[in-house]
Structures are given as C-alpha cells and as structure tokens.
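Okay, so here's the structure we're looking at.
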Amino acid sequence: MRRGITATALAATLALAATACGSDDEPASGGSAGGELSGTVTWWDTSTVGSEDKVFQRLAEDFEKKHPKVDVKYVNVPFGEAQNKFKNAAQSGSGAPDVIRAEVAWTPEFADLGYLAPLDGTPALKNETDFLAQAAASTEYDGKTYAVPQVIDSMGIFYNKKIFKDAGVEVPTTVAELKTVSKTVKDRTGKTGLYLRGDDAYWFLSFLYGEGGNLVDAGSRTVTVDNAAGVKAMTVVKDLVDSGAAKTDATDGWENMQSSFKDGKVAMMINGPWAVTDTYGGAEFKDKANLGIAPVPAGSVAQGSPQGGHNLAVYAGSKNLDASYAFTEYMTSAESQAKVAEELSLLPTRTSAYTMPGVADNEIVGFFKPVVDKAVERPWIPETGSLFAPLVTEYTKVLTGQTTPEKGVGATGDAYRELLKGWK
Amino acid sequence: MALHTSQSVPKAPGGTPPGGLRRPGGLPAPVRLRRGLATHWYAWAMVAPVVAVIGVIIGYPLVRGVHLSLTDADERNVERSIGVNHLPATYEFVGLDNYADALTGDQFLSTLGWTLMWTVSCVTVTFGLGLALANILNRRIAGRSFYRMLLILPWAVPGFVSVFAWRFLYNEDRGFLNKLLAGGGIDAVPWLNDPTWAKFSVIAVNIWLGVPFMMVALLGGLQSIPGEMYEAAEMDGANAWQRFCHITMPGLRPVSTTVILLSTIWTFNMFPVIFLLTRGGPGEATQILVTQAYKFSFEISPRDFAQSSTWGVLILVLLMAFAAVYRRVLRTQGDTW
C-alpha cells in the first residue's frame, strides 16, 4: 500500500518534471460559490484519544450543521507524531490537512517553513483583542499571524487526596518537601510518591525553571541550558529518581504515568489540564473530588511551569481556504471554547469565555487560570519546537545513569548551538 | 524480486544468432553495437520496461540519495511546493564534507559499534538455535509437524504485531514478564528502561523473530542430506558428534552460508524491532545505524536529509563490502573444507 503510494507519487513527480510545468489550473474544489461555503475541510486533531477526541469531533461535526455543504473530515493524529507527520505531508504537498491543531511551539516553525497561511485580514481571526496576550504571542511570526489560539495550558502537581490522607501528608510546595512527602508516602502506604516522565523533556521544564534556569535566552541570543542552573536541575531530577522519591520510564511514559496514577499506585504526578478528563476515567477518581491539583513544587530559586497550549493553523496549500478559515474561526470562538472548557476542563484562550456559565464555575479551569497567568513563556522562535529532541535524549540518559548531569546538559547545549547559528 | 526478473529476462530471447555471422568480438565497437541492436532489437525491447521500472524504483532513489549526501540539504532549503507557493531548492554542493564529519565524529562510530554487536549476537544465536531446533525436528518424534508449525508461528505473525506484543510483555509495571517474576518473588526488571537490559531485550526479540526462518531453511538443508551417509558413518563407528561435524555441517554448508549472509543483512538493517520497541532509547543505547538515519531524516528538526543520506550510503557500502568479503572468504575456504 505504502509502496504503491510512493510509486504513484514518484511517477507523478517524474511526469511533472518531464513536462517542466507545475501549474495547477484545476478549479478550486470548494470555496464560497455564491456566498455559501462548500467542499471538504480535513482537520488534524491531536487531542487525547478516548477522552478528549469525542468532544472535539462532536464540535467539528456541529460545524457541518451550520454549513451543510461543507464536509468536515475529522482525523485524530497522536500528538507525538503530528509534528513530523504534518511536516512530511506539507512538504510534499499531498495528504496534508486543511487545518491542523498545532502545539504552540510548532506554530512558528511551520510558519517559518512556509507551510501556514497568514491569517491577518481573513475570517479566521475574529475579535482578536479578546485573546489572552500570552496565547496570541505564539501565533505571530515575522509580523504576521499564522494561527488562532485554541486552548492554553500549564502544569501543576496532581495528587491523590486519599493517599495523602492515609499517609498524613500535605501537598509539597518545594522539591525538598516533595522528597520528604514521597518518603512518608512510601513508608506509610508502600506507594511511590511521584511519577516523573522520563521520556519527554517537557516534564523537566518546571524543575529547570525552579532552579532559575531556562533552555535558551532569546533576548541575548544565549544558550542557557548548560549553565549552573541547568546542571542543578538535572541533578535534582536524577536525585528524585535515584532516591526512590519518583519513578520513571524511558518508554511508554504517558500510558504508564496515567495508569499508575489512575490505579492509585503513585500518589502524585506532574501534568496539565489535558490530562484531567483522562484521569477522571481512572478507578481512583470515580469520585472526582479525590483529585487534587496544586502548583508545581518550587526549586531552590524560583517556582514556575511552562506555558503551553494549542493553536489552529491553516495549511497554505489548502484547496479550500475559505471554508478552512471559517472552520478555524468557529472552533476558536468563545462559544466553542466554553463548550470545550465545560466538558474537558481545557482553558479557553478568549477572555470572554471565562465569564461564561460552565467555565466560570469550573474548578479545574479556576485552578489553572492563575497558574497560566504566571507561567513561564517560551521564546516563540522557529527553533523552539526543535529544542526538545536533543534535550530528551540527554534527559533520559541522565535519568538512566548513562551520563552525568554536567555532560548531559553540556551535550544539549552543544546541539542547541549547532541549531541556533551564531548564538552564544 | 525485481532483481530476479532482470536476470532472467535478458536470457529469454537468447539462442544462437543465425549461422554465417562471425563472432561479434572481432568487430570494431560501433559496428558491433549496431549489429547487436539490429540482431537483438527484440530482446532490447523486451528488456526496456524492466530497466525502466528498476531505474525508477531502485536507480532514482539511489542516485538521489547519493546526490543528497554530497549537499547540505535539510528541511529549510529543499524544494517545497505548498499550494500555489513554490519554493525552489537552495541547498549547495559540499563535496565529501558529510562523509568526513560522519567518519571522524564519534556518533557514527559508536552507533556502528553497537550495530555490529547487535548483528553478530543476533545472527550467531539465531543460527545456533535454528540449527538445534532443525536437528531436533529432523528426527522422527511424535507430533513433529505440530512442533514445526508452532515454531514457524512467529514468522507468520506480521513483524510489527509481534514487536508490539513484546513491548507489552516488557512493560516494567504492567508487563506480563515482570508479573511472572513477581510471582516468583523476583524484583521487577527494567526491560526497556535500563540501557543494558534494553540491549538484551531488543536482541531477544529479534532472535525470537529470526529463529523460524533459520529453522525452516536449515531443516530443508538437513532433508537434502542423504540418509545413507549417516548409515555408512555409523557402520564405520562414527559417534553422533562426529556424524554432526563431518556430515551434517558440510552438508548444510550451501544453505547456511546463504542464510547467514541474508540474516546478517536483515539484522543489520532491522528497523522495526528497534524502532517499535525502544525508538533507539533509553537515550541512544539501542540506536542502530538505520534507526539513527531515520531519526536524522524524520525526527529531529530541522530534518537533516544530507546527513541521513550520508549514513544511508555508508550503510550500503558497509553491507556491500561485507557481502564481497564474505563471498571471497567462503570461496577460498570451500577448497580446503
């Protein structure tokens, strides 16, 4: 099957090369004939399968009711694969979706590669001043707007209230407290304190911020991951794992983290709003009140968690731009965001959505909103999406004892300097 | 598959040219070419589609790969067509720089070291186990065909399905293997989370996948050894070990040389096992050359097509060199063995 596609693509490429002509004069399949939108809009969603995806799919299908001639094709692409899958499809110009849910760090990268349609002045952007400034920041690149913020998030510490009660401990506010709490939990209940994801470096960021570090400093064009704070942060996470305060995995981290927490095998995990719905599905959280969420523990210098989120972006090569703009606008409208917030506890990016019923009284949203307000903003440079690949290799190596914290951040820093030409 | 066709097709319209023609060897080249075309035009016409197909399927990607390895092509400077926008390629020719970088840096060499260790251990153990099983199943034992069928099972299941099944078995918390060990009071083994265990685990899976092929191939070889030789040897007083060393092994030689060569090449490039089990991790502990080349091209960003092609070409060169040396060694050994 795959070979068939490649061969066809190859044959098509050759045919194109042979005629030395790439003009594409087939009439647009969709568009707004007579003011009414029609055609197909393919949307790549990256939400968690089994919990979040149903809500987004239903929301996307509601768009068809408003625009009966538009056919929305909902495709769920696993979050971990979507970045590369989109780049493959977008580059070859075949098989790419019309609209993609791009993680905030991917947006400037896709825009820089020329894969996204600029949205300024299109119907996709409506009432722009309503967006939270932090959320809007990641959608801008080189003076243009390339995406519309859909959800915003940050991280907190999720804890199992029942285990905490059994062990008689309070929520840790610093990493030092986290260690003692973990030990008490282990001693009194036999359960592991914290699950720390070892296969995704995003989970390392709050520890790095806690020691006053950061990956890079875009203002002074400096790589900072390998400074003293970076070394300290690596030492901290390694110590958490080595001392038994935290357990980790080098593979299947997401599934293992969720299942250990949901089954009550670990007392805490660090996670974001995107994990709430899935967590509620676990045996331990049938009673939703058992789930406690608190700010991530502070390090020796500061307290902070990364600001994340997702944007909706339109592929520059879309055959049906008009309907794609309308779909993007619909999915990021205050009403849609409120629906998502109500059902999935994901945070809206529009100020007006926060006052809507179902959002205003949502406990999770209420908790995360102040966290997001204080969250550490990452630099929105095209390379931001590329910073994790070198880091996660070294992070896993440090946690599994294959390298030291110093060498780990050193190798990461070297990779960053190669990536960011001319940076210190 | 395609290679077989290409070899058989040129022979097909063969047959000796009509009498009266001199041997073409004696004529000057242009004449020979013209005469060759005139006489064999039909043969050339028949070959042409095959040549074209192979050219497109094998030749073009190969040439393109070699070309990319001599440039600095990456995601940001290759040709892209996005809707109506067409961005032309802007990468430049850099000569052999990529090769120099790969061969002088330690990433390629350390990955190669583990790839060799992985290949050698997989092939030797797979061959040894396959040989033992083939010998056992070559005897007349009750339920022989049932055992044979069971042992071929890993081969019948699609590779990625088996690998995923193994990944579940290996899971440190919820996997079957650790539950089994816990039943025996043994602590959980970090199958895929510890660098050394991960190496062991990927090798074990590849052996499990590779044994059926070895066994079937060697069983076929065993069955082609005439039983009279064993009877004669037994009459002469040779014990079981001597019969194995002096009849079975030499008798299996044609089969085993081929399967070892094939198995080496397959294992060297065994992408699915590594990629689906560990993705080369933890860290880079189980990264083999092909998975690393894939990583350059599809996982890092900006995606480095030049470096990926360079590694691809180096893999090809290594395997071709291995095949040539292996063949030569066997040929010289063949006279004395």
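Considering only residues of region A:381-393 that are in a helix (DSSP H, G or I) and touching a strand residue (DSSP E or B) at 6+ places or on another chain (Cβ under 9 Å), which is nearest to the other protein chains (Cβ to nearest Cβ)?
That would be A:Gly385.
Would you point out which residue out of A:Thr222, A:Thr248, A:Thr192 is closer than 26 Å to A:Glu383 by Cα and polar (S, T, N, Q)?
Sole residue among the options that is closer than 26 Å to A:Glu383 by Cα and polar (S, T, N, Q): A:Thr222.
Of the conditions (1) assigned to a helix (DSSP H, G or I); (2) over 15 Å from the mean Cα position of the chain (by Cα); (3) more than 27 Å from A:Ala313 (Cα to Cα), A:Phe204 clears all except one; give me its number.
(2)
Among the candidates A:Thr396, A:Thr412, single out the residue that is facing chain B (nearest Cβ under 8 Å), surrounded by 17 or more Cβ atoms within 10 Å (Cβ to Cβ) and at pLDDT 90 or above.
Just a single option satisfies the conditions, and that option is A:Thr396.
With the structure loaded, tell me whether B:Ala285 is more than 14 Å from chain A (Cβ to nearest Cβ) and either more than 30 Å from A:Asp199 (Cβ to Cβ) or not in a helix (DSSP H, G or I) (or both) or whether it fails that test.
no
Go through region A:140-178 and give me each residue that's part of a loop (DSSP other than H, G, I, E, B) and either closer than 20 Å to A:Tyr209 by Cβ or not charged (D, E, K, R) (or both).
Correct list: A:Gly143, A:Tyr146, A:Ala147, A:Ser154, A:Met155, A:Gly168, A:Val169, A:Val171, A:Pro172, A:Thr173.
Could you please let me know if A:Gly198 is within 14 Å of chain B (Cβ to nearest Cβ) and either under 17 Å from A:Tyr395 (Cβ atoms) or small (Gly, Ala, Ser) (or both)?
Considered against the rule, which asks whether it is within 14 Å of chain B (Cβ to nearest Cβ) and either under 17 Å from A:Tyr395 (Cβ atoms) or small (Gly, Ala, Ser) (or both), A:Gly198 comes out as yes.
Right, A:Val181: more than 26 Å from A:Ser345 (Cα to Cα), among the aliphatic types (A, V, I, L, M), part of a helix (DSSP H, G or I) and in the same structural domain as A:Thr251 (by TED's automatic domain parsing) or not?
yes
For B:Val317, state whether it is buried (at least 20 other Cβ atoms within 10 Å of the Cβ), away from chain A (no Cβ under 14 Å) and hydrophobic (A, V, I, L, M, F, W, C).
So B:Val317 does not fit the description; no.
Answer yes if at least one residue in region A:77-100 is of a type in the set (S, T, N, Q), more than 10 Å from every other protein chain (Cβ to nearest Cβ), within 28 Å of B:Glu75 (Cα to Cα) and touching a helix residue (DSSP H, G or I) at 6+ places or on another chain (Cβ under 8 Å), and no otherwise. Can you show your working first?
Let us first name the residues in region A:77-100 that are of a type in the set (S, T, N, Q), namely A:83-84, A:88, A:91-92, A:94.
With more than 10 Å from every other protein chain (Cβ to nearest Cβ) added as a condition, the list becomes none.
No, region A:77-100 contains no residue that is of a type in the set (S, T, N, Q), more than 10 Å from every other protein chain (Cβ to nearest Cβ), within 28 Å of B:Glu75 (Cα to Cα) and touching a helix residue (DSSP H, G or I) at 6+ places or on another chain (Cβ under 8 Å).
Looking at B:Phe305, B:Phe296, can you tell me which residue is modelled with pLDDT under 95, more than 9 Å from chain A (Cβ to nearest Cβ) and within 15 Å of A:Ala389 (Cα to Cα)?
Result of the check over B:Phe305, B:Phe296: B:Phe296.
Look at A:Asp53 and say whether it is part of a helix (DSSP H, G or I) and touching a Ser or Thr at 6+ places or on another chain (Cβ under 6 Å). Give the derivation first.
Values: part of a helix (DSSP H, G or I): yes; touching a Ser or Thr at 6+ places or on another chain (Cβ under 6 Å): yes.
Answer is yes for this residue.
Does B:Val290 meet the test of being modelled with pLDDT of 90 or more, away from chain A (no Cβ under 14 Å), part of a helix (DSSP H, G or I) and within 17 Å of the chain's Cα centre (by Cα)?
Answer is yes for this residue.
Quick one: count up the residues across region B:64-94 that are more than 8 Å from chain A (Cβ to nearest Cβ), surrounded by 13 or more Cβ atoms within 10 Å (Cβ to Cβ), among the hydroxyl-bearing types (Ser, Thr, Tyr) and not in a helix (DSSP H, G or I).
Qualifying residue count, region B:64-94: 2.
If a residue must be more than 18 Å from B:Tyr60 (Cα to Cα), in contact (Cβ under 8 Å) with a residue 12 or more places away in the chain and under 23 Å from the mean Cα position of the chain (by Cα), how many such residues does region B:298-314 contain?
Total meeting the criteria: 1.
B:Phe213 passes all but one of (1) of a type in the set (Phe, Trp, Tyr); (2) exposed (fewer than 13 other Cβ atoms within 10 Å of the Cβ); (3) touching a Phe, Trp or Tyr at 6+ places or on another chain (Cβ under 9 Å); which number fails?
With respect to (1) of a type in the set (Phe, Trp, Tyr); (2) exposed (fewer than 13 other Cβ atoms within 10 Å of the Cβ); (3) touching a Phe, Trp or Tyr at 6+ places or on another chain (Cβ under 9 Å), B:Phe213 is out only on (2).
Looking at this structure, is A:Val365 over 16 Å from A:Leu125 (Cβ atoms) and more than 19 Å from the chain's Cα centre (by Cα)?
In short, no.
I need the full set of residues from region A:274-300 which are in contact with a Ser or Thr (Cβ under 6 Å, 6 or more places away or on another chain), of a type in the set (A, V, I, L, M, F, W, C) and under 17 Å from A:Asp53 (Cα atoms), in order please.
Residue satisfying the conditions is A:Val276 alone.
If A:Asp373 passes every condition in (1) among the charged types (D, E, K, R); (2) crowded, with 18+ Cβ neighbours inside 10 Å; (3) touching a helix residue (DSSP H, G or I) at 6+ places or on another chain (Cβ under 9 Å) but one, which one does it miss?
Condition not satisfied by A:Asp373: (2).
Residue by residue, here is whether (1) within 19 Å of the chain's Cα centre (by Cα); (2) surrounded by 16 or more Cβ atoms within 10 Å (Cβ to Cβ) holds:
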residue: B:Thr104; (1), (2): no, no
residue: B:Leu109; (1), (2): no, no
residue: B:Gly113; (1), (2): yes, no
residue: B:Leu116; (1), (2): yes, no
residue: B:Val125; (1), (2): yes, yes
residue: B:Tyr147; (1), (2): no, no
residue: B:Leu153; (1), (2): no, no
residue: B:Pro158; (1), (2): yes, no
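Tell me whether region A:211-219 contains one or more residues that are of a type in the set (Gly, Ala, Ser) and not in a loop (DSSP other than H, G, I, E, B).
no
Just to verify a result, which residue in region B:233-291, among those that are of a type in the set (D, E, K, R) and in contact (Cβ under 8 Å) with a residue 24 or more places away in the chain, is nearest to B:Trp114 (Cα to Cα)?
Step one: filter region B:233-291 for residues of a type in the set (D, E, K, R), giving B:234, B:236, B:243, B:253, B:279, B:284.
Those still in the list that are in contact (Cβ under 8 Å) with a residue 24 or more places away in the chain too: B:253, B:284.
On the way: B:Arg253: 28, B:Glu284: 10 Å.
Once the filter is applied, the top-ranked residue is B:Glu284.
Let me spell it out: the conditions are (1) farther than 30 Å from A:Leu291 by Cα; (2) modelled with pLDDT under 90; (3) within 14 Å of another protein chain (Cβ to nearest Cβ), and A:Lys66 meets all of them except one. Which number is the exception?
Unmet condition: (3).
Check B:Pro13, B:Pro61 and return the single one that is at pLDDT below 75 and surrounded by 13 or more Cβ atoms within 10 Å (Cβ to Cβ).
Exactly one of B:Pro13, B:Pro61 is at pLDDT below 75 and surrounded by 13 or more Cβ atoms within 10 Å (Cβ to Cβ), namely B:Pro13.
Tell me, please, whether a residue that is over 26 Å from A:Ala136 (Cα atoms) and assigned to a strand (DSSP E or B) can be found in region A:72-92.
yes
Select from region B:235-283 the residues that are over 28 Å from B:Trp166 (Cα atoms), surrounded by 14 or more Cβ atoms within 10 Å (Cβ to Cβ) and charged (D, E, K, R) and list them in ascending order.
B:Arg243, B:Arg253, listed by residue number.
I need the helices (runs of 4 or more DSSP H) fully contained in region B:143-186, keeping only those with at least 1 residues that are at pLDDT 85 or above and of a type in the set (Ser, Thr, Tyr).
Fully inside region B:143-186 and qualifying: B:159-170.
The values are calculated or read from the model by the stated rules, or taken from the named source; none is laboratory data. Quick caveat, the model's predicted, so the values are computed rather than measured. As a convention, Cβ positions derive from the backbone with ideal geometry for all residues, glycine included, and neighbour counts pool all protein chains shown.
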